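The values are calculated or read from the model by the stated rules, or taken from the named source; none is laboratory data. Everything quoted here is computed from the prediction, not taken from an experiment. In this analysis, Cβ positions are derived from the backbone assuming ideal geometry, glycine residues included, and neighbour counts consider all displayed protein chains.
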Amino acid sequence: MIQSIQTIVQRLVRYYKTHSPYELAIARGYHVIYSPTLPERISGMFVPIGRRGVIFINTNVPSLRRPFIIAHELAHGVLRHEGERFTFQVDSHRLNWKRLSVQEKEAHLFSASLLLDELNFEDGMTIEQAAAVTGCPPKIIEIWLHEQTKARHGFSF
């Protein structure tokens, strides 16, 4: 799963020449709307409209976290997840990974791949430092690093 998602992310970044989730969303024809009317428990939402869509971001989400939320919602559009709409609930990244749907796992890994790709963990960067720089939740970074290791060593589960 991680390798195919990373390939998609790398192609997007190469084609649009940016790692910015916001810039990618706009370049792909998605509208990004910051909404104070989303319920407090919802950080973001993707509503598909044909081959395009609208990404809603709750204005109560701290600025640092917004790139992660936009990337997560962008993933639902890029990966063409089926369904009427997708919502990203506050702290949904803290849920049991095994209980998340495949679509939510893919969206989390897409977000992490997009935001963490340029960071160098081999130079001693910690998960907490990466979270502070990117807004990506530490638990998602940990899972992304674990998936990277499995992929490098040929494990698949």
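The residues listed here are 113, 92; of these, the one that is under 16 Å from the mean Cα position of the chain (by Cα) and at pLDDT 75 or above is 113. In the stretch 135-157, of all residues being in a loop (DSSP other than H, G, I, E, B) and surrounded by fewer than 13 Cβ atoms within 10 Å (Cβ to Cβ), the one that is modelled with the highest pLDDT corresponds to 153.
Taking the stretch 51-77 as the range and being under 11 Å from the mean Cα position of the chain (by Cα) and of a type in the set (Val, Ile, Thr) as the test, the residues that pass are 69, 70. Scanning the stretch 48-60 for residues that are surrounded by fewer than 20 Cβ atoms within 10 Å (Cβ to Cβ) and either of a type in the set (Val, Ile, Thr) or modelled with pLDDT under 90 (or both) gives 48, 49, 50, 51, 52, 54, 59. Residues in the stretch 94-134 that are over 20 Å from residue 18 (Cβ atoms) and either part of a helix (DSSP H, G or I) or polar (S, T, N, Q) (or both): 21 in all.
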